[in-house]
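**Q** Dropping a structure here in structure tokens format, bear with me for questions.
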Amino acid sequence: MTVTKKNISKEISHNAKISDKYSKKILDIFLKIIKNKSKNNIIKIHRFGTFFYKKTSKRIGRNPKTGQNYKIKPFKRFTFKANNSLKKTIN
């Protein structure tokens, strides 16, 4: 099952007994804060995990159909690393 923003906001509205519109707004604000704050910092949520940007290095890629090599430029990748307590809960 795929978890979407819509599913999460419905779950929030049901558990907190608030409207769907208000829960969607709360979720959007939360995600916006995570994105904006993590550009320069590591965002760590206790007993949940860490959000951060990871720099990838320049590397050589290969087209599997043609076998042709090409350069992949370095870029920043938004990453989440789950905390051990969250991993134990899931597993």
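The values are calculated or read from the model by the stated rules, or taken from the named source; none is laboratory data. Note that the structure is predicted; figures quoted are calculated from it, not measured. Cβ sites come from the backbone with ideal geometry, for glycine too, and all protein chains shown count toward neighbours. For accessibility, only protein heavy atoms count, side chains too; no ligands or nucleic acids. Shrake-Rupley method; radii C 1.70, N 1.55, O 1.52, S 1.80 Å.
**Q** I'd like the residue in segment 1-50 that is within 13 Å of the chain's Cα centre (by Cα) and exposed (fewer than 10 other Cβ atoms within 10 Å of the Cβ) and, out of all such residues, is nearest to Ile90 (Cα to Cα).
**A** Val3
**Q** Moving to a separate point now. Scan segment 51-91 for residues that are open to solvent by 100 Å² or more (accessible area, probe 1.4 Å) and of a type in the set (A, V, I, L, M) and jot them down.
**A** Ile60, Ile90
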